[in-house]
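Working notes, beginning with the structure itself.
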Amino acid sequence: MSNGHLICAIIPIAAITPIAAVTATVAIVLAVIALFAIAWRMIRPRYLLATPADEIHFAATLDGWDLALYRYRPQSLVAGREPIVLCHGMLSNRFNVDLDEEVSLARFLRQRGFDAWVMELRGHGGSRRSKERATSTPGSGVRGRFDWNIDDYIQRDLAAVIDHVRRATGADQVHWFGHSMGGMILYGACALPGTTRSIRSAVLTDAPASFATLRARVPLGRAYARLFPAVPPALVIPILGPLVWLLPDLMGPRYGIRDRKLMVSLLANAIIPWGSSRALLQFCDMLESGRFRSDGGGVDYEQGASRMDFPLLVLSSARKMLDERSILFGYEKSIAADKRYVRLSRAEGYSTDYTHSNLLLSASSPREVFPLIAQWYEDHSSA
């Protein structure tokens, strides 16, 4: 064979080989993903949890959502104690504050004699859209499957839940508990007329009230939110679940949770499969502008903290995802005569440096964190 013939034979092979290599690599990756997904389908059912609430209610929003409420009623309600509404964080659900018999702030509060109501924001957990009411209410038509943003949490969901709990219990006011986004929406709602009158006291954990110190460009997050309608934890959890099951310490350094059962239970129950990219886009806007405000800037939510005149307890983890100054901001701006800031760290006498994730969801939470929260509500009820 001449050199010319040899070169002609090699060129097609050289061209095909990279393509074949890429194809083989993609096939291997897809096969591994499929194996992980199959493994997760086998593992997950063993860790699914029930929610043994005493009652399940639904709070109707003005734009056609029915927000799930899980009520834990004490056997003997202490007179003069206002009900407590507990709100989870972003991309989470009721299991954030009500995981199981061992780790549940809601059930702990019931044991201490409080009427505890665990809520779920729109698009989370058991909350559902009511198409009948949405189409019958002027100006509230269904816009899309993932059509909500942070404004909807603040301006619609919080008010609907508080109104429902007040009607169901006959209470003039409620106590509020909010973790992360659950506290953030109370700060925002207090910038709106009338909200503060409904709050007896509040406990907020790792909840940002300002974005000035967090200011950063997030081009990838913004680009994703514009291209796709949903944020998809459902695509990540089937991979992460088996990894955590095999390597229980995998998430320990970042999240402070090293127990296999607890971590897999969280992945199987406490993270919603799909979130709204509109909420992500608004969050990106807040980060890039450094301002906690409504979509379009019409409402300055940072003003909410300066209108909080009710007793306020702010808990801050030692190892958090956000700058501590964004959390301290709400405490410092609050005009409450009775307020307290606690950093949950070894330096402050706690058994561990708590993280944003394990603050409510660790073996030590019922011993160290839950009693602190319950005592606050006991000391600040009307009785």
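The values are calculated or read from the model by the stated rules, or taken from the named source; none is laboratory data. Only a predicted model underlies this, so the values are computations on that prediction, with no experimental measurement involved. A quick note on method: Cβ atoms are made from the backbone with ideal geometry, for glycine too, and the neighbour counts reach across all protein chains shown. SASA here: full protein model, heavy atoms, side chains in, ligands and nucleic acids out. Shrake-Rupley method; radii C 1.70, N 1.55, O 1.52, S 1.80 Å.
Restrict the check to the range 73-80 and report whether at least one residue is at pLDDT 95 or above and either acidic (D, E) or not in a loop (DSSP other than H, G, I, E, B) (or both). No - not one qualifying residue is present in the range 73-80.
Of the residues making up the range 156-209, those that are part of a loop (DSSP other than H, G, I, E, B) and buried (at least 24 other Cβ atoms within 10 Å of the Cβ) number 6.
Report the residue count in the range 210-233 for those that are part of a loop (DSSP other than H, G, I, E, B) and of a type in the set (D, E, K, R).
Summing the residues that are part of a loop (DSSP other than H, G, I, E, B) and of a type in the set (D, E, K, R) in the range 210-233 gives 2.
Scanning the range 210-235 for residues that are within 14 Å of R291 (Cα to Cα) and not small (G, A, S), we see that the one that is least open to solvent (accessible area, probe 1.4 Å) is F211.
G290 falls short on exactly one of the conditions (1) out of contact with any Phe, Trp or Tyr (no Cβ under 7 Å at 6 or more places or on another chain); (2) surrounded by fewer than 20 Cβ atoms within 10 Å (Cβ to Cβ); (3) of a type in the set (G, A, S), and that condition is (1). Taking the listed residues G349, G330, the one that is at pLDDT 95 or above and at positive phi is G349, with no other qualifying. Among the residues of the range 356-383, write down those that are at pLDDT below 95, farther than 18 Å from A202 by Cα and hydrophobic (A, V, I, L, M, F, W, C). Passing the criteria: only A363. Got at least one residue in the range 81-93 being open to solvent by less than 10 Å² (accessible area, probe 1.4 Å) and β-branched (V, I, T)? Within the range 81-93 (the criterion being open to solvent by less than 10 Å² (accessible area, probe 1.4 Å) and β-branched (V, I, T)), the answer is yes, since at least one residue qualifies. Would you mind stating whether A37 is free of Cβ contacts under 8 Å to residues at least 60 places away in the same chain and either over 30 Å from D151 (Cβ atoms) or open to solvent by less than 40 Å² (accessible area, probe 1.4 Å) (or both)? No, not satisfied.
Within the range 108-136, the set of residues being in a helix (DSSP H, G or I) and in contact with a Phe, Trp or Tyr (Cβ under 6 Å, 6 or more places away or on another chain) comprises F108, R110. Taking the criterion of being surrounded by 16 or more Cβ atoms within 10 Å (Cβ to Cβ) and either part of a loop (DSSP other than H, G, I, E, B) or aromatic (F, W, Y) (or both), the residues of the range 348-362 that qualify are Y350, T352, D353, Y354, H356, S357, N358, L359, L360, L361, S362.
Somewhere in the range 239-247, is a residue touching a residue at least 12 places away in the same chain (Cβ under 8 Å), open to solvent by 50 Å² or more (accessible area, probe 1.4 Å), in contact with a His (Cβ under 8 Å, 6 or more places away or on another chain) and not in a loop (DSSP other than H, G, I, E, B)? For the range 239-247, residues touching a residue at least 12 places away in the same chain (Cβ under 8 Å), open to solvent by 50 Å² or more (accessible area, probe 1.4 Å), in contact with a His (Cβ under 8 Å, 6 or more places away or on another chain) and not in a loop (DSSP other than H, G, I, E, B): absent. Give the residues of the range 332-383 that are among the acidic types (D, E) and closer than 21 Å to E101 by Cα, sorted by residue number. Passing the criteria: only E368.
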